[in-house]
Amino acid sequence: MTSPDDLAGDDGPLVLGPMLRHVDDASATVWVETARRGEVVVSAGDASGRARTVTVGGHHYAVVVVEGLHGADAVPYVVEVDGERAWPRPGDPRPAPTIRPLPGAGGPTASTAGTSLLRIALGSCRVDRPQAAPFTRTGDAHPDGVGVDALVALSTACQEGREPPDLLLMLGDQVYADEGLSPSMRARIDAKRGDAAPRGEVADFEEYTWLYRESWADPEVRWLLATVPSAMIFDDHDVRDDWNTSRTWREQVQQLPWWRERIVGAYASYWLYQHLGNLMPDRLAEDELWARVREVGEDGDAAEVLREFAVAADEQIDGGGTSEWSYVRDLGRTRLVVVDTRSGRVLSEDHRSMLDEQEWAHVEEHLGGDVDHLLVAASLPVLLEPALHDLEVWNAETASAGRWGQRFRPVAEAIRQGVDLEHWGAFEVSFRRLVDRLGDVAAGRLGREPSTVLLLSGDVHHGYVAPLRYPAERGVRSPVVQITSSPLRNAMPTGLPLAYRVMHTAPARVLGRLLRRSVGVAPLEVSWRSRTGPLFGNGFATLALEGRSARVVFEKAEPGGGPGTDPREPADVRLRRDVEMLLG
């Protein structure tokens, strides 16, 4: 394997990071990848923490729990590896990274002095490209264009005085392993394995480590991730397009000779680079896999430990595993429940479910009241435009249940994979179960009803807000609202904006209802309609929660000189406010 020593460049003992992950009122977790084994110390004023690195596949990682935080002011922090200062680097013109304790984040029953403002920036779908022309141009202006990077725009704004968000919620496709590799990444893969399959895609754990560094080592992005706490969940492109969309898809991909190493690398790297930092410190301390990796990896190499775990995780489909990727964060009087909608699906012909029963039990345990705001985050939107939802219902019934006859099933499967008909509408039993549970929460049947119940998602390369309406007899008192924001940085496929606009029309909704009726599926008791957009372009949404009030702002990233211009330097970008809406 390639040694990370020759990847460190000018970063000294750090290969990647620091990344500020979980923060509460007294502690924080900081993730790093280092160039060698050692002890990592993070100091933030009077607070500090230390941890030994673990080695996996020749790469070295540490998750440091910083304890002793107090107050509400941001505190600069320093990272040392074996006594050598690793971050911030000498001469870096950017502000020092800071940790800002989150008051009252010990849980939903924690008290806070006065009413505090909680800001959550959310988005998904970010390809890695150089921060320069022609890549900063739009796809319409240049075939290699993917627009300016919304994370770079946010980082620049924060360095210039904008108050950073309290959390960056990244809702899938943090890396693209199957398409959209940067030119340097493609060249490096070609140098390693030439024409060997999979061409133009990541093949194994080692190449995933390259991909994560390519995606997160940009100086502006790196500063942002070192300063703003982050929470993440994967989607299909973190693994491969249409990941676990159907039983047929799994059978097809498992026949590929390179697939086993790809899925092992995907799960192992996701666990290391994304999932570990999602956990609150007490959950991290209880995690049996983390304990095993530390036991083996502090002095040896834990690659085989994670390999066994990854193989088992891939077998979780249809309830065959024990991995739980969904997780919970308490943010003062707000509860964030992040739901895995990819790896724990049930795909048998007689029963399709977005989550297996173990994952359902874990998620539903935390979907209750007695909080000011309940946030349910998932990569895939729960509420798509109704016409598209009904199209997915029709497709699932024809492809899986053969409602239009057995001869049509291969056609329906090809349509499903071709146009990504794999959201909650394709698992409508799961959709009804989740919506019913949220209705009980919003009606106050599971504790005092929250002020808002907000569904946060990405994936679909546009943004919108869609309130969910329940029948009056359900007694729902709190607004239940879908907020979707995507992409952070990606090209818009030709024809997709027109397709989404058509889906938002009345004739499309009528056609959707007819397709649903044609396969004998009863109409839903709930209804919804987008109140915005669709909003296109690279950007993100910021959710602002203050007491029991909530609002959302959508912002778009564009060159500093305005649309159609090229940035003079990577940070020559700006944010433009697109839509602002009061939610409750």
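The values are calculated or read from the model by the stated rules, or taken from the named source; none is laboratory data. Fair warning: this is a prediction, and the values are worked out from it, not measured in the lab. Here the Cβ positions follow ideal geometry from the backbone for every residue, glycine too, while neighbour counts run over all protein chains shown. Quick note on the areas: whole protein, heavy atoms, side chains included, nothing else; ligands and nucleic acids left out. Shrake-Rupley method; radii C 1.70, N 1.55, O 1.52, S 1.80 Å.
A few points about this structure:
- Structure-derived Cα extents along the principal axes in Å - corresponding label in (i) 105, 69, 43; (ii) 68, 61, 51; (iii) 87, 65, 55: (ii)
- Placing +1 on the Cβ of every Lys and Arg and -1 on the Cβ of every Asp and Glu, with nothing else charged, gives the range 545-584 a dipole about its Cα centre of roughly 200 debye.
- Restriction of the trypsin sites (Lys or Arg not before Pro) in the range 476-563 to DSSP coil positions whose beta-carbon has at most 15 other beta-carbons within 10 angstrom yields ARG477, ARG529, ARG531, ARG548.
- Of the chymotrypsin sites (Phe, Trp or Tyr not before Pro) found in the range 350-445, no site is in coil according to DSSP while having at most 13 other Cβ atoms within 10 Å of its Cβ.
- Listed residues ALA51, VAL429, GLY194: farthest to the positive end of the dipole of the chain (Cβ charges): VAL429
- For the chain, the residue among LEU498, TRP31, LEU69 whose Cα projects farthest onto the positive side of the dipole built from Cβ charges is LEU498.
- The trypsin sites (Lys or Arg not before Pro) found in the range 341-398 include none that occupy coil by DSSP while having at most 12 further C-beta atoms within 10 Å.
- Å² per residue, accessible surface of the range 448-584 at 1.4 Å: 44
- Using a probe radius of 1.4 angstrom, the carbon and sulfur fraction of the accessible surface of the chain is 50%.
- In the chain, a dipole from Cβ-located charges (positive for Lys and Arg, negative for Asp and Glu) runs towards its positive end, and of THR136, VAL480, PRO229 it is VAL480 whose Cα lies farthest in that direction.
- Ranked packing of 137-150, 172-185, 219-232, most packed first, by mean Cβ within 10 Å: 219-232, 172-185, 137-150
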